[in-house]
Structure formats: C-alpha cells, structure tokens
1. Would you please list the contacts, defined by Cβ atoms under 7 Å and residues six or more apart or on different chains, that run from a residue in segment 96-114 that is without any contact (Cβ under 8 Å) to a residue 60 or more places away in the chain and of a type in the set (Ser, Thr, Tyr) to a residue that is surrounded by 20 or more Cβ atoms within 10 Å (Cβ to Cβ) and not in a loop (DSSP other than H, G, I, E, B)?
2. Within segment 46-55, identify whether any single residue is out of contact with any helix residue (DSSP H, G or I) (no Cβ under 6 Å at 6 or more places or on another chain), crowded, with 17+ Cβ neighbours inside 10 Å and at negative phi, and answer yes or no.
3. Could you run through segment 3-61 and say how many residues are touching a His at 6+ places or on another chain (Cβ under 9 Å), modelled with pLDDT of 90 or more and part of a loop (DSSP other than H, G, I, E, B)?
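The values are calculated or read from the model by the stated rules, or taken from the named source; none is laboratory data. Since this is a predicted model, take the numbers as computed values, not measurements. Cβ sites come from the backbone with ideal geometry, for glycine too, and all protein chains shown count toward neighbours.
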Amino acid sequence: MVKDLQQLSLAEAGKLKLNLSPVNLNELIDKVCHNFKWLAEEKGIMLHHDHIPNNCSPRIDADRMTQVFVNLIGNALRHTPSGGKVEVSVQQQGDLVLIRVADTGPGIPAEKLPHIFDRFYKADASRSRSESGTGLGLSIAKGYIEAHGGVITVESQVGRGTVFLITIPVK
C-alpha cells in the first residue's frame, strides 16, 4: 500500500515518470482479458473485448496502463453477477483514443459517483479490505490516466451497470 500511495502522490504532483512507447492496445487489452478469463468463466460472466482497432498504438506506459485495465476489468468482474457482461472497447477519434469498460453489475448510486476516484473510498462500505482491496485502485487509475494527459470518467445507473470511459491522446 505504501508503494501505491507513493505512485499516486507522484502522479497527482505531475512527477510520475512514464516509460512511453507505442503500444498496440488490441494486444494489451487482449492480454489483460485473457488473464481474467478464468474468473469470468468461474462466475458465468461474458467478458468481451472488441471494436479495438489493431493499428491503435498510442504512446503510453504499458505497465501503468495494464494496471489501469486490471483494476477496471477486475472491479467490473467482481461486481457483475452471474449471467452478466463485461465489455471493453476502443475507438480512435482523431488525436484521441476512447477506451470504454462497461459492466452489467448493480451500478453505483448517484450520490456516490462524485467520490468514486477519492483515495480510500469504497462505494460499498460494508465490504472488507479482503473483499474489495484498499480503496486506492480507482485513485491510482485516475492518476495514471491524467499522467498520460488523459481523462477518466464514470457513468452508472443502479440496476443497469457502470461504464468507465478513458480518453487519452494518441501522441
């Protein structure tokens, strides 16, 4: 947790060092989804990633963005019930890449959405640390996205699911 807090502090201060290189998002997301395949199958959830252009290779830090995807996809799978769906898609629009991670989970109440990226915040306060982590994952994801010059937002409806949208420059 100490390392996570250090990385988050550096990101928030604009001092996080990034190892930028062209990264094929199709391959990166495929790798992350492949590593979660067992969990999706165990829970009876359809994990789908498509609409990812094979030639979409923004200059990003692959390790940091992998951590972002692991957090978002892992959270989506953890909160989506059996029979549900988690979908990851990518679009390139001019100088921007739009990445969408959507689930058919229970959704997040509107009053909790403004705090979802706060440090140590857990939308479900009844969950223990062993069930839901430290409450730093989304803060770190936001810091890493912003360090890339991007933005992460969330939309959710109770009973209908949650969508995280990441926008990063192609560079």
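1. Once the first residue is without any contact (Cβ under 8 Å) to a residue 60 or more places away in the chain and of a type in the set (Ser, Thr, Tyr) and sits in segment 96-114, its partners that are surrounded by 20 or more Cβ atoms within 10 Å (Cβ to Cβ) and not in a loop (DSSP other than H, G, I, E, B) give 104/161.
2. Looking through segment 46-55, none of the residues is out of contact with any helix residue (DSSP H, G or I) (no Cβ under 6 Å at 6 or more places or on another chain), crowded, with 17+ Cβ neighbours inside 10 Å and at negative phi.
3. 1
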